[in-house]
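Q: My questions all concern the structure below.
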Amino acid sequence: MSTAAEALSWPIAQVAAHLRDSTFSCEELTLAALERAQKQQPILYAFIEITAADALAQARECDREAALGRWRGPLHGIPLADKDCFELEGRSMTVGSRVMDPQPGGRTATALLRLKAAGTVDLGPLNMNEMVAGPTGQNPHFGDCRNSVDPSRISGGSSSGSGTAVGAGLVFGSLGSDTGGSIRLPASMNGLFGLKPTYGRVSRSDCFPRAISLDCVGPLARSAHDCALLLEAVAGWDPQDPSSLAAPVPEYSRRLERAGAGIRIAVIATFVDYDAQVQEAFTRLVAAASARYGAAREVAFDGLGACNAMGDIISKVEAATLHGQWMRERPYRYSQAVYSRTEPGLHVPAVHYVEATTARASVLQEFLQGTMGKADVLLCPTVPVPVPTRAEADMEGSGKVFGVVARLTALTRPFSYLGLPVLTMPTGRDGNGMPMGVQLIGRPFGEARLLSVAQALATEIGWSA
């Protein structure tokens with residue numbers, strides 16, 4: 001008979017079936033996840049705090065409901081953990097920082113409320129780059145989050161704990177937030193599927209912001225199907241979030257087999273230099289996509305650099321607006337990396353910010369009509385270089401922070417600026433055994449298509465986490 005510990009490596013749907021037939025209980029599954037999380041915490045630093053008592057209470061409630069025949073769906077009793085930028089009533093949200101004085105949350109983020117309604121079990125808040133700012137997982141306050149494959153290497157950020165916890169099998173999935181790549185980078189570096197949805201697709205109510213006109217909330221998981229289940233649970237309009245969009249939420253998990261039918265694939269030609277191993281893995285993925293969907297044509301995206309720059313302007317200005325008073329009153333509570341990336345936003349001319357924000361609509365229209373004019377899904381690598389060591393990517397090193405950020409986010413930030421849905425999936429492993437990833441870029445509200453294509457291509461290339 002299968003044990004709960006063995007189930008920690010299974011897909012969510014398989015675990016859900018065993019919970020329903022009582023192979024093991026929600027409490028047993030949660031105990032197994034907690035045991036693994038507590039054992040790995042001194043090695044990986046994935047959590048800010050493991051809330052074992054609360055998690056077990058939630059699991060027992062799931063078991064009580066199950067005994068009464070009340071199943072909330074495929075996420076009933078499934079252990080998750082989420083980035084510590086979501087407010088939870090009664091718990092102090094750190095945002096990976098010491099800037100704010102600890103105080104229990106007075107509200108719960110809509111995304112967490114929706115996961116709770118789906119029956120999930122929360123193991124506790126996950127580690128992250130300080131103040132949602134950084135692509136590495138480095139955190140001088142709570143310990144650097146380490147990669148789940150090789151702890152000497154970075155986990156990616158800023159949703160670093162999300163990538164590490166899911167990659168290490170501590171939880172089955174996680175919610176992260178993404179301003180310029182903060183879901184996609186840790187997903188790619190830990191061999192996961194990570195989805196930055198269309199801007200406004202998932203509520204950001206009571207989610208701590210980096211840049212309010214760029215931030216998105218989305219899932220990280222070990223398969224496209226698991227991502228689909230998580231997205232189904234949290235997507236949809238929220239009256240508490242003025243930017244959320246009132247669009248119907250498809251049953252993503254039921255559309256995986258058909259949503260990608262008849263699509264056209266294209267490869268984005270960029271001016272970014274890819275490492276040879278990244279290029280080789282990407283070429284193999286493109287070949288698999290061409291075999292399944294027809295030859296992938298190459299398309300130009302001449303605005304890549306401009307979108308990157310305008311996204312950076314918006315991010316810095318909106319972050320500085322939020323942090324300005326704290327930076328004046330308690331600058332000593334910031335790491336130098338976060339302070340040095342945020343403070344310049346106070347000095348960006350207003351005209352540059354206005355230009356960047358007002359140009360978005362026309363730039364997006366040009367992109368959809370030009371670059372995506374004859375394609376439904378675009379492909380490009382997620383990160384142009386192999387996963388660096390923590391020493392190589394140390395943002396606290398003198399003068400290093402801007403170079404590290406630019407190198408790791410060169411291919412992710414432009415699509416955040418455009419507000420498009422982007423899913424990263426694994427393409428293989430480099431010579432160090434570290435995962436590499438590819439981005440699938442879609443049209444607005446094209447998440448179902450991206451998930452379908454990702455599932456099909458993972459099968460084509462034989463990816464196994």
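The values are calculated or read from the model by the stated rules, or taken from the named source; none is laboratory data. Note that the coordinates shown come from a computational prediction; the quantities given were computed from them, not determined experimentally. All Cβ positions, glycine included, derive from the backbone under ideal geometry; neighbour counts span all protein chains shown. Keep in mind that these areas ignore ligands, DNA and RNA; they rest on the heavy atoms of the full protein, side chains included. Shrake-Rupley method; radii C 1.70, N 1.55, O 1.52, S 1.80 Å.
Q: I'd like the full set of residues that are in contact with a strand residue (DSSP E or B) (Cβ under 7 Å, 6 or more places away or on another chain) and within 18 Å of residue 176 (Cα to Cα), limited to the range 95-124. Spell out how you get there, then give the answer.
A: Let us first name the residues in the range 95-124 that are in contact with a strand residue (DSSP E or B) (Cβ under 7 Å, 6 or more places away or on another chain), namely 102-109, 111-112, 115, 120-124.
Passing the criteria: 108, 109, 111, 112, 115, 120, 121, 122, 123, 124.
Q: Among the residues of the range 25-39, which ones are within 20 Å of residue 226 (Cβ to Cβ) and open to solvent by 10 Å² or more (accessible area, probe 1.4 Å)?
A: 32, 36
Q: What number of residues in the range 1-42 are small (Gly, Ala, Ser) and in a loop (DSSP other than H, G, I, E, B)?
A: Applying the first criterion (small (Gly, Ala, Ser)) to the range 1-42 yields 2, 4-5, 7, 9, 13, 16-17, 22, 25, 32-33, 37.
Then drop every residue that is not in a loop (DSSP other than H, G, I, E, B), which leaves 2, 9, 22, 25.
So the answer is 4.
Q: Name the helices (runs of 4 or more DSSP H) wholly within the range 352-465 that hold at least 1 residues that are free of Cβ contacts under 8 Å to residues at least 40 places away in the same chain? Quick ask: steps written out before the conclusion?
A: Working: elements: 360-369, 401-409, 413-418, 447-461.
Here the list reads 360-369, 401-409, 447-461.
Q: Further question on the same structure: With the requirement that a residue be touching a strand residue (DSSP E or B) at 6+ places or on another chain (Cβ under 9 Å), outside any strand (DSSP E or B) and of a type in the set (Gly, Ala, Ser), what does the range 175-198 give you?
A: First, pick out the residues of the range 175-198 that are touching a strand residue (DSSP E or B) at 6+ places or on another chain (Cβ under 9 Å): 175-179, 181-198.
In the following step, the residues that additionally are outside any strand (DSSP E or B) were identified as 179, 181-192, 197-198.
181, 182, 187, 188, 191 - these are the residues of the range 175-198 that are touching a strand residue (DSSP E or B) at 6+ places or on another chain (Cβ under 9 Å), outside any strand (DSSP E or B) and of a type in the set (Gly, Ala, Ser).
Q: If I filter the range 48-66 down to residues being within 27 Å of residue 142 (Cα to Cα) and assigned to a helix (DSSP H, G or I), which single residue comes out as least open to solvent (accessible area, probe 1.4 Å)? Before the answer, list the steps.
A: Filtering the range 48-66 down to residues within 27 Å of residue 142 (Cα to Cα) leaves 48-58.
Right, trim to assigned to a helix (DSSP H, G or I) and you get 52-58.
Details: 52: 27, 53: 78, 54: 95, 55: 0, 56: 27, 57: 51, 58: 52 Å².
Looking at the filtered set, the residue picked out is 55.
Q: Being among the acidic types (Asp, Glu) and surrounded by fewer than 24 Cβ atoms within 10 Å (Cβ to Cβ) is the filter here; which residues of the range 190-220 pass it? Spell out how you get there, then give the answer.
A: Start the filter on the range 190-220 by keeping residues that are among the acidic types (Asp, Glu), which leaves 206, 215.
The answer is 206, and nothing else.
Q: In the range 428-444, how many residues are within 17 Å of the chain's Cα centre (by Cα) and not small (Gly, Ala, Ser)?
A: Matching residues across the range 428-444 total 6.
Q: Any idea which of (1) without any contact (Cβ under 8 Å) to a residue 12 or more places away in the chain; (2) assigned to a loop (DSSP other than H, G, I, E, B); (3) in contact with a Lys or Arg (Cβ under 9 Å, 6 or more places away or on another chain) is the one residue 96 doesn't satisfy?
A: It is condition (1) that residue 96 fails.
Q: Any chance you could count how many residues in the range 234-290 are crowded, with 17+ Cβ neighbours inside 10 Å, of a type in the set (Val, Ile, Thr) and closer than 16 Å to residue 426 by Cα?
A: 2
Q: Can you tell me how many residues in the range 1-24 are open to solvent by less than 30 Å² (accessible area, probe 1.4 Å) and within 21 Å of residue 223 (Cα to Cα)?
A: 7
Q: Filtering the range 151-189 down to residues that are farther than 20 Å from residue 216 by Cα and in contact with a Gly (Cβ under 7 Å, 6 or more places away or on another chain), which residue is least open to solvent (accessible area, probe 1.4 Å)?
A: Looking at residues that are farther than 20 Å from residue 216 by Cα and in contact with a Gly (Cβ under 7 Å, 6 or more places away or on another chain), I get 154.
Q: Is at least one residue of the range 6-15 of a type outside the set (Lys, Arg), closer than 20 Å to residue 192 by Cα and over 25 Å from the mean Cα position of the chain (by Cα)?
A: Taking the range 6-15 as the starting set, the residues that turn out to be of a type outside the set (Lys, Arg) are 6-15.
Those still in the list that are closer than 20 Å to residue 192 by Cα too: 6-15.
Checking which are over 25 Å from the mean Cα position of the chain (by Cα) leaves us with 6.
Within the range 6-15, one or more residues are of a type outside the set (Lys, Arg), closer than 20 Å to residue 192 by Cα and over 25 Å from the mean Cα position of the chain (by Cα).
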